[in-house]
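Since every read-out is calculated from the coordinates, none of them should be taken as a lab result. All values derive from a computational prediction rather than experimental measurement. Using ideal geometry, Cβ is built from the backbone for each residue, glycine included, and neighbour counts are taken over all protein chains shown.
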Amino acid sequence: MNNHDWLARSRTAVWHPCTQMKQLEGFPPVPITRGAGVWLYDFEGQRYLDAVSSWWVNLFGHCNPRINAALREQLEQIEHVMLAGFTHAPVIELSERLARLTGLGHAFYGSDGASAVEIALKMSFHYWRNSGQPGKTEFVSLQNSYHGETLGALSVTDVALFKDTYAPLLRHSVQVPSPDWRLAEPGESPEQYALRAAESLENHLAKHHAATAALIVEPLVQGAAGMGMYHPAYLRRARAICDRYGVHLIADEIAVGFGRTGTMFACEQAGIRADFICLSKGITGGYLPLSAVLTTDQVYAAFYDDATARGFLHSHSYTGNPLACRAALATLDIFEQDDVLATNQAKAIYWDRIAGPLREHPRIRNLRRTGMIMAFEVDQARAGFARHFYHAALARGLLLRPIGNTVYFMPPYVISEEELEMLVTNTICILQAAPGI
Ligand SMILES: *Cc1c(COP(=O)(O)O)cnc(C)c1O
């Protein structure tokens, strides 16, 4: 069977995500047979450096021997059992470890990021209802926010391309100005701008707190907004404002959790604790779909009652899947055994150093880095820049998926110094060799 047959079959049988399928006529998907470390290998043995961690999920490389071994062991014990009325060691251990790491508890599991967001929104509303404040039904999110694409999560997302078509199906929500420092006035520091954005939040909640259940934010980095980065002062102010007005703070750490911003969780850099934290993506090291929402004892207590309907009657079939939990435990083991956060810090310093030519490139603006995420805007980008750049990158053995005219790197943490150099050098080559891009 040659490549061509597989591609035709994929196009016929598979409806690919986030894709206008007609465009696959000209640009077929890349058929992958195997992965190792940061590399993906196609049917012909061509390799691609997975510089976006396969949509921000992979932490320790593809086919990581330690995660593989943990999964093999788990497979011989139990692959899945329902979590209503049953429990198992991997879900208990994972919940305990996540509680220690986040300072929250009572882990409730879903299958992917969007389901975690749905869970947090429902829990927040239901908490207020159980607490005698059923009028708190509104949610506030940041301008350009992304929280997933099921209807509830899309309601608090602010990306027109994903949202506008479905507007008639969505709940009303309010967007307050984003603290993303690209939106600052000339001469305004990221911190000053973050505090100015927080004033808008305060003005909104001062008027509408009685109707507002929660503010949901992507802490420090707004991924789908094109890696919009902001000063932690915003989170500190947002925490204080939410406390003052009796509004929950939901930290959507689905993309930024598990070390991506340099600390285990991004909220740590602001020294705050949210009322809910949503986790997914890196939680299993990029192996299996799993998400979790952790919350406070106070929220949990409002559901704990003799009345069934005061409980949180939400479920997904694969809630707390043992294999996924086992992959998550193996992932946390690697963090501990390899002192990953410290190693990444050293790696990031090296990365900044070799990124000099990017910083100086005449078409590149706003080169920025938070932890293991680096991004920049490309000037004079032609129409369809993201798609053209993506294909030019593939031709040079890089998997990069720009967002608009923003190119970003979010590689697996196992990337070596040589591979980081290759990433930077080849990216510059793409901009040089194809000035029409
Ligand atoms: C990816 C993402 C989601 C949605 O997660 P899915 O697993 O794709 O449903 C939600 N919030 C943020 C910040 C994300 O990056």
FRET efficiency for ALA160 and GLU76, using Cβ-Cβ distance with R0 set to 45 Å, rounded to 0.05 | 0.40
Ranked highest first by average number of other Cβ atoms within 10 Å, how do 386-394, 272-280 line up?
-> 272-280, 386-394
Most positive-pole-ward Cα, GLY320, GLN345, ALA51, against dipole of the chain from beta carbon charges | ALA51
Scoring only Lys, Arg, Asp and Glu (+1, +1, -1, -1) among other residues with Cβ under 9 Å from the Cβ of SER291 yields 0
Proximal charge balance of ARG369 [Cβ under 12 Å; K/R count +1, D/E count -1] | +4
Order the peptides 17-28, 155-166, 312-323 from the highest to the lowest mean number of other Cβ atoms within 10 Å of their residues.
-> 312-323, 155-166, 17-28
Computed from the beta carbon distance with a Förster radius of 41 Å, FRET efficiency for ASP42 and SER315 to the nearest 0.05 stands at 0.60
Sequence-separation-based contact order of the range 326-402, relative, with Cα cut under 8 Å and 6+ spacing, percent | 16
Distance in nm between label sites at ALA89 and GLN298, each 7 Å beyond Cα in the beta-carbon direction?
-> 3.7
Around GLY35: net Lys/Arg minus Asp/Glu count, Cβ-Cβ under 12 Å = 0
For the chain, the dipole about the Cα centre with charges only on Cβ (Lys and Arg +1, Asp and Glu -1), to the nearest 20 debye, works out at 720
Towards the positive end of the charge dipole of the range 63-195, with charges on Cβ (+1 Lys, Arg; -1 Asp, Glu), say which of ALA160, PRO186, ASN68 has the farthest Cα.
-> ASN68
Got the relative contact order for the chain handy, in percent, Cα pairs under 8 Å and 6 or more residues apart?
-> 20
Of 52-60, 108-116, ordering from highest average Cβ density within 10 Å down gives 108-116, 52-60
For the chain, the spread of Cα positions along each principal axis, largest first, Å | 64, 60, 44
Can you list the lysines whose alpha carbon sits under 27 Å from that of LYS163, skipping same-chain ones fewer than 8 residues off?
-> LYS22, LYS122, LYS136, LYS207, LYS281
With R₀ set to 41 angstrom, the calculated FRET efficiency between the beta-carbons of HIS172 and ALA8, to the nearest 0.05, is 0.40
